[in-house]
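Read through the structure below, which is laid out as structure tokens, and then see the notes.
Please treat every number below as a calculation from the coordinates, not as lab data. Values in this document were obtained by computation on a predicted structure and should not be read as measured data. Please note: Cβ atoms are built from the backbone with ideal geometry, for glycine as well, and neighbour counts cover all protein chains shown.
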Amino acid sequence: MFHLGDFCLGGADEWNRILDRLNGKIYLILGNHDLKNIRQGFIYRFEHVAMSMCIQIAKKKIYLSHFPYLCFDGGYNHDVWQLFGHVHTRPSNTGIDASRLQYLYPTQLDVGVDNNNFTPLSFVQVQTQILKQIELQNTKIEKQ
């Protein structure tokens with residue numbers, strides 16, 4: 001499981017409570033709310049901790065980061081996807097970042113659980129959404 005930052009907003013007790021419920025290997029991409037707790041000895045509870053990571057699934061390169069980036073390797077020509085979790089687009093959350101997401105590439109996707117019914121997304125779900133976004137962008141370009 002890959003967690004793209006802001007693992008838990010609570011203190012050490014909350015981190016332990018959540019980590020004790022999770023199974024498997026967890027790869028943590030650090031978010032802005034993780035730095036305090038990760039320094040309190042939680043690093044050993046994760047398979048790997050990094051600021052960003054590039055992985056490959058089904059021959060697709062995927063860049064993982066906490067924040068969405070305007071520039072990332074392969075972003076211009078759809079060769080690489082970028083998944084992130086920092087922004088808050090759901091109206092019942094804060095919705096403050098929703099308008100900014102219009103500037104993303106179609107190969108970027110907000111996979112934050114607070115914007116996805118508090119459920120992690122599978123690779124198939126990510127792939128379906130990104131391919132839909134690419135198709136939508138191509139349709140807009142054709143109409144111009």
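Is one or more of the residues making up region 42-53 out of contact with any Leu (no Cβ under 8 Å at 6 or more places or on another chain), acidic (Asp, Glu) and over 24 Å from Thr107 (Cβ atoms)? Yes, region 42-53 contains a residue that is out of contact with any Leu (no Cβ under 8 Å at 6 or more places or on another chain), acidic (Asp, Glu) and over 24 Å from Thr107 (Cβ atoms). Please verify whether Glu14 is without any contact (Cβ under 8 Å) to a residue 60 or more places away in the chain and within 19 Å of the chain's Cα centre (by Cα), treating the condition exactly as stated. Here the answer is no, as Glu14 does not meet what is asked.
Of the residues making up region 8-45, those that are surrounded by 18 or more Cβ atoms within 10 Å (Cβ to Cβ) and touching a strand residue (DSSP E or B) at 6+ places or on another chain (Cβ under 6 Å) are Leu28, Ile29.
Listed by first and then second residue, the pairs linking a residue in region 114-130 that is crowded, with 16+ Cβ neighbours inside 10 Å to a residue that is assigned to a loop (DSSP other than H, G, I, E, B), with Cβ atoms under 6 Å apart and 6 or more places separating them unless they lie on different chains, are Asp114/Asn93; Asn115/Thr89; Asn115/Arg90; Leu121/Val111; Ile130/Thr107.
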